[in-house]
Structures are given as structure tokens and as C-alpha cells.
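Trainee: Following this message is one structure expressed as C-alpha cells.
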Amino acid sequence: MTPLNKVIVNKDTSINPIWIMRQAGRYLPEFREIRSKNTDFIKLCLNPTLSTEITLQPLRRFDFDAAIIFSDILMLPYGLKQKVEFKKNFGPILGKLNLEEISGVKETDFTKRVQEIYEAIKNVSNNDILKDKSTIGFVGAPWTILVYMINQQSPKKQLKKNFFRDENLINKILIVIEKFLKIHIKNQIDNGANAIQIFDSWAGLLENKDIPNYIYNPTLNLVKFVQSLNTPVICFPRNIKDYKKYCDFVKPDAICIDYEVDPFTIRKKIKIPVQGGMDPKVLLSDKETIKKEAKKYLDIFKDHPYIFNLGHGVLPETDPNMMDYLVKTVKDY
Ligand code: 1CP
């Protein structure tokens with residue numbers, strides 16, 4: 001078993017595997033070079049040679065314990081034939097959502113549209129670099145995918161005022177999303193992913209009363225589905241107000257925490273393996289601060305199954321030498 005899976009499945013507290021969200025990305029000059037020649041982000045995700053190469057880039061530099069496949073959560077709406085574009089300095093822009101159209105998409109059509117992602121997973125998981133390391137597949141949680149599909153852009157700017165106007169319609173869309181997320185998860189596992197992370201980046205947007213319908217219930221269905229395929233599942237409900245309640249309802253195999261939540265409280269309240277937490281901005285400081293902050297998390301979770309990661313994606317302005325220093329610090333702990 002890989003170190004990551006030992007922590008999640010066997011609850012091993014003697015090791016602290018490390019991987020980093022967005023570990024393949026803009027802080028690496030070798031990624032920027034490929035990206036500058038491939039301006040269409042979706043096409044890049046669907047080029048198995050390049051997406052394999054990008055996924056492996058960080059593993060050639062650093063002793064990470066897992067590869068996360070270079071793709072995007074928005075490949076799901078793309079696979080459902082909703083238009084998806086990534087505009088420079090703006091982020092994703094999606095076309096109008098048509099329930100009839102997405103409901104008409106067949107499983108085989110979907111799989112064909114994103115087939116290259118599975119090819120990349122196969123390439124990565126069969127690469128010698130991945131010996132004794134995990135290949136992480138991922139999806140967006142139903143709620144976060146719903147947000148992008150209806151809002152048609154990042155809700156960072158704002159969530160459409162009439163977002164919840166037609167709850168009946170929303171619930172029908174959620175059913176389609178859930179169906180295809182399961183297909184996408186199974187395809188990733190069939191092609192070599194041996195852990196799945198579910199990103200709920202906009203979990204923090206909901207009021208308490210809406211959380212069961214939009215987060216707990218649909219995510220629990222996905223978690224059960226991944227577990228039925230004998231694969232561990234990590235959930236990242238970013239900025240959720242109550243991680244404990246989330247874990248009690250959704251029952252993932254491991255929980256990834258953001259950098260705003262107090263790690264002491266997490267350790268006290270949560271019994272399942274924990275991942276992440278450190279503020280990505282720490283990597284913009286100096287070695288002394290990086291060491292101090294990394295050790296803080298490692299000390300707090302010393303007797304708890306813990307996977308080192310950040311509390312969100314690595315920032316593009318991060319110096320790769322500081323990442324190297326962080327990985328060595330965690331490995332030497
Ligand atoms: O070069 C570029 O401009 C592309 C930047 C980029 C990258 C490197 C985007 C655009 N997506 C990705 C890859 C990506 N996205 C990965 C690859 C694997 C890795 O981690 O190395 C993963 C896991 C994601 C997941 C993802 N995409 C999330 C969940 C995690 C998070 O950041 O909260 C979300 C919300 C997205 C949507 C997305 N993709 C890209 C952008 C700019 C956004 C929008 C973010 C927003 O709404 O603010």
C-alpha cells in the first residue's frame with residue numbers, strides 16, 4: 001500500500017505523506033512554458049501527452065507521495081456539452097445551461113468527450129515515478145459543480161441573485177450532475193486512480209438550512225459510491241462552518257481542511273484522518289517561518305493520521321525552492 005493510503009486506510013500515524021493542491025501549475029516554470037504554447041486550457045487538459053507530462057513535472061522535482069491528475073473540475077460540465085472556457089485574468093466562463101440538453105447526454109458520449117483524461121491517468125499510474133506513490137483522481141462536489149453550471153462563472157465575484165429561484169429545476173440538475181460524477185469517478189478508478197478527492201470549493205457559500213440538501217446528501221451518495229469501489233475518498237469542503245458535523249454526515253475516509261479553521265479544534269473533535277491546513281501564503285515567506293508553520297501542523301497531528309498539504313492551492317507566485325524546502329522539512333520531521 002502507498003504511504004497516502006496507509007494513512008487513510010490503516011490510520012498509520014508513523015508517517016506524514018505529502019502532496020500539494022495545485023502542485024502541477026503556474027508556480028513551476030516548466031508548466032508555464034507548456035501553458036504559454038497551449039492557450040486553450042480545455043484542449044491542454046484533453047492532450048494526454050501534455051497532461052501526463054504536467055502531472056509528472058512536480059514529482060520530478062519534489063519527493064511528493066502522490067500525483068494529482070492535471071485536469072479540472074469543470075471538465076464535468078464540458079463532458080455534459082455545456083460550453084466551458086477559461087479566460088485569461090478572469091477565470092472560467094460557462095455557456096447557458098439547458099436541462100434538456102444535459103439530460104440527453106449518454107454515458108458513452110460523456111466518456112468519449114473526456115476520454116483523454118482517463119488516458120492520462122493510465123499513463124501516470126503506470127509510470128515508474130509512481131512506484132509506491134498514489135495517483136489521485138478528483139471531482140468537484142455536486143454543489144460546487146452546480147454553482148459553476150448555473151452561475152456560469154466563479155461565484156467569487158458573486159452568486160447570481162436569483163440562483164435559488166427555481167428549486168425544482170436545481171434539484172433535477174443535481175440528479176444529472178450526481179449521475180455523471182459517479183461515471184467520471186468510476187472511469188478514473190478503472191484507469192488507475194487509487195484515491196479520490198472531492199473538492200467542494202464553495203461549501204462556505206451556503207446557509208445552514210441549505211447544507212443538508214445541497215452538500216450533505218449528494219456528497220454522502222458520492223462518498224458511498226467511491227467506497228463501494230474499494231477506493232479511499234478525501235473530502236475538501238472549503239470554508240464549511242462545521243467540519244465535525246460534515247464528517248458525521250458525509251463520512252469520508254479523510255477530511256482536508258482549509259487554512260482558516262483552527263487545527264487544534266479539528267484534532268480535538270475529528271476522529272478520521274486529516275489532510276492539509278497550512279496557509280499557502282506561508283510559502284511566500286522565509287525558510288524559518290515555513291519550518292515553524294509546517295512543524296506546527298505536524299506537532300498538532302503527531303498522534304493523528306495526517307497527510308501534509310496546504311489549506312488551498314499553492315499560489316502561482318511561490319518560489320519552487322521554497323516548495324523544495326517545505327517537502328524536505330516534512331520528510332525530515
Ligand atoms: O494556467 C492557468 O491559468 C490555469 C490555472 C488552472 C489550473 C492549473 C485552472 C483553472 N485549473 C487548474 C488545474 C486544476 N484545477 C487541478 C489540477 C491538479 C493540481 O491540483 O495540480 C485541480 C485539482 C483543479 C480543481 C479546481 N478547478 C477547483 C477546486 C480546487 C480549488 O481551487 O478550489 C476549482 C474551483 C476549479 C475551477 C477553476 N479552474 C481554473 C480556475 C481559474 C478555476 C476557478 C477558480 C475560481 O472560481 O476562483
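Table: residues versus (1) open to solvent by 10 Å² or more (accessible area, probe 1.4 Å); (2) at pLDDT 95 or above.
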{"site": "ILE93", "(1), (2)": "yes, yes"}
{"site": "ASN98", "(1), (2)": "yes, no"}
{"site": "GLY104", "(1), (2)": "yes, yes"}
{"site": "VAL114", "(1), (2)": "no, yes"}
{"site": "ILE117", "(1), (2)": "no, yes"}
{"site": "ILE129", "(1), (2)": "yes, yes"}
{"site": "VAL139", "(1), (2)": "no, yes"}
{"site": "THR144", "(1), (2)": "no, yes"}
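Trainee: Does at least one position in the range 272-279 carry a residue that is open to solvent by 10 Å² or more (accessible area, probe 1.4 Å), without any contact (Cβ under 8 Å) to a residue 40 or more places away in the chain and away from the ligand (no atom under 16 Å from the Cβ)?
Mentor: So far as the range 272-279 goes, yes, one or more of its residues are open to solvent by 10 Å² or more (accessible area, probe 1.4 Å), without any contact (Cβ under 8 Å) to a residue 40 or more places away in the chain and away from the ligand (no atom under 16 Å from the Cβ).
Trainee: Within the range 191-208, is even one residue surrounded by fewer than 19 Cβ atoms within 10 Å (Cβ to Cβ) and under 16 Å from the mean Cα position of the chain (by Cα)?
Mentor: yes
Trainee: Within the range 151-175, work out how many residues are open to solvent by less than 70 Å² (accessible area, probe 1.4 Å) and within 21 Å of the chain's Cα centre (by Cα).
Mentor: Of the residues in that region, 6 qualify.
Trainee: A further question on this structure: Collect the residues in the range 237-280 that are assigned to a helix (DSSP H, G or I) and in contact with a Leu (Cβ under 7 Å, 6 or more places away or on another chain), keeping them in residue-number order.
Mentor: Of everything in the range 237-280, those that are assigned to a helix (DSSP H, G or I) and in contact with a Leu (Cβ under 7 Å, 6 or more places away or on another chain) turn out to be PHE249, VAL250, PRO280.
Trainee: At pLDDT 95 or above, open to solvent by 10 Å² or more (accessible area, probe 1.4 Å) and assigned to a loop (DSSP other than H, G, I, E, B): is that true of PHE64 in this structure?
Mentor: No: the conditions fail for PHE64.
Trainee: When you scan the range 99-114, do you find a residue that is within 16 Å of the ligand (Cβ to nearest atom), touching a helix residue (DSSP H, G or I) at 6+ places or on another chain (Cβ under 7 Å) and either over 18 Å from VAL139 (Cα atoms) or assigned to a strand (DSSP E or B) (or both), even just one?
Mentor: no
Trainee: Continuing with this model, one more query. Can you tell me which of (1) closer than 24 Å to PHE86 by Cα; (2) in contact (Cβ under 8 Å) with a residue 40 or more places away in the chain is the one PHE163 doesn't meet?
Mentor: So PHE163 meets the others, but not (2).
Trainee: Need the failing condition index for ILE240 against (1) farther than 25 Å from PRO3 by Cβ; (2) open to solvent by 40 Å² or more (accessible area, probe 1.4 Å); (3) in contact with an Asp or Glu (Cβ under 9 Å, 6 or more places away or on another chain), just the number.
Mentor: (2)
Trainee: While we're here: Which of the residues that make up the range 65-87 are near the ligand (Cβ under 10 Å from one of its atoms), touching a residue at least 12 places away in the same chain (Cβ under 8 Å) and more than 19 Å from the chain's Cα centre (by Cα)?
Mentor: Correct list: empty.
Trainee: Can you list residue pairs whose Cβ atoms sit under 7 Å apart, with the first residue in the range 181-207 being within 25 Å of SER103 (Cα to Cα) and the second being more than 16 Å from the ligand (Cβ to nearest atom) and charged (D, E, K, R)? Count only pairs 6 or more apart in sequence or on different chains.
Mentor: As it stands, the answer is ILE183/GLU107, since those pairs meet every condition given.
Trainee: Is it true that ILE234 is outside any helix (DSSP H, G or I), touching a residue at least 24 places away in the same chain (Cβ under 8 Å) and open to solvent by less than 10 Å² (accessible area, probe 1.4 Å)?
Mentor: So ILE234 passes the test.
Trainee: So which residues in the range 1-43 are within 13 Å of the ligand (Cβ to nearest atom), among the hydrophobic types (A, V, I, L, M, F, W, C) and over 18 Å from the mean Cα position of the chain (by Cα)?
Mentor: LEU28, PHE31, ILE34
The values are calculated or read from the model by the stated rules, or taken from the named source; none is laboratory data. Remember, predicted model here, so these are calculated numbers, not experimental data. Counting neighbours? That spans all protein chains shown, and the Cβs are built from the backbone with ideal geometry, glycine included. Keep in mind that these areas ignore ligands, DNA and RNA; they rest on the heavy atoms of the full protein, side chains included. Shrake-Rupley method; radii C 1.70, N 1.55, O 1.52, S 1.80 Å.
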